[in-house]
Amino acid sequence: MKFLPLIWSGIWRKPGRTILIILQVGVAFALFGVLQGMKTGVQEAIAKTRADLLMVFPNAFGEPPLPLAYLDRLRTIPGVKKMTFADGLLGTYQKPDQAVYVLAIDPGNIWLTLVPEIFKVLPDDLQALRKSRAGALISSEIAKKYGWRVGDRIPLSSSTLQRDGTGNWVFDVVGTFTPHEVGGGGYIVGNYTYLDEARVANKATVRNFYVVASDPRRAAIVAETIDQTFANSPSETSTASLRENAQQGMQAIGDVNFVTRSIVTAVFAALLFSTATMMMQSIRERTPELAVLKIVGFTGRTVFLLVVAEATLVCVAGALIGLSLAMVAFPYSAKWVPGLSMPLVVIEAGVAAACFVALASAALPAHRAARLRIVDALAGR
């Protein structure tokens, strides 16, 4: 603690240079915080995604929907705890560019607990949907967008034709729901019975089934059993857990780990070079001052530690500023990833990285200062 004034004086000997180093470190760690936070946050979010919730789709894109009769066969598969299904239709409201998707479900109580990762609904609103054949639940986002509220009637135009030959569908708003995904309020929740009874084509079919495995550790086996059960049938299935779907979605984006590592490595390499150069310049300028310290009794080890302490304080201060900026910017960067937040481990890793950058950039200048010969330093050699 007694050396703190000396360290502080050394840091602010050249205020302009110190501020420049802090800004460089701050920008580098702000980028590190956002990128590493996104990568680590997504990995943690995927790890928390339910592995016991299986989604059963047609085997290939573009194939006909699955028969509703599959529901009875799914109940007989070992390891299946409970299940439900969903279908839907795509319509437009007033204008062709105002698309609204109707997620048609069987409004049983299973939706209160089955897939909160998709949407959340209160028991009273689900009961209201159950009582209204043409009922619909809306999110606050879509309600704000179109000015809808409970009690309104929503007319939609769709390519899904009704028995009267028209594509005009009308839904009565009976309640609300909360979509899990930010920006996922572009749909409403309707009654499957209304959709299936009114449409002409694809009767008694569904877009997908939701199946909960009794043991999450055996979810992969249950998924394989489901697909084997319907193999070689007119409508083969493809089953994957919610976690597996999330992992595939990340893989579709690209190798996030590689991109993040590449950018962070390049930024830190440039940062290390620039800070080491500035530290070396600072030591050259302070050679007479360091010689005076040795004259008054400072050992080479003490001088080494003073230089390292200066670099560490500057780098850690810049890193904390950068990580703070990253935490402020992170919600805007992550707003399309549901439930994503800045992991604490990223902050801890950032501080550790700042210490490493400080030690690496100050090691050579500090070593030079420690080995400084008093006679040569005072002679200007």
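Values quoted throughout were computed directly from the atomic coordinates according to the rules given, and no laboratory measurement underlies them. This structure is a prediction, so every number in the text was calculated from the model and none was measured. Every residue, glycine as well, gets a Cβ built from its backbone with ideal geometry; the counts of neighbours run over all protein chains shown.
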Highest mean first, what order results for 279-289, 317-327, 264-274 on Cβ atoms within 10 Å?
317-327, 279-289, 264-274
29 Å Cα-Cα threshold exceeded, pairs from K39/K145; K14/K294; K81/K203; K131/K203:
K39/K145
Name the residue farthest towards the positive end of the dipole of the chain from the options F230, Q24, M327, assuming +1 on Cβ of Lys and Arg, -1 on Cβ of Asp and Glu, about the Cα centre.
Q24
Order the peptides 162-168, 33-39, 173-179, 214-220 from the highest to the lowest mean number of other Cβ atoms within 10 Å of their residues.
33-39, 173-179, 214-220, 162-168
Taking the mean number of other Cβ atoms within 10 Å as a proxy for protection, how do you rank 80-90, 197-207, 359-369 from highest to lowest?
359-369, 80-90, 197-207
Amide proton proximity set for S241, modelled H, under 5 Å, gap of 5+
M55
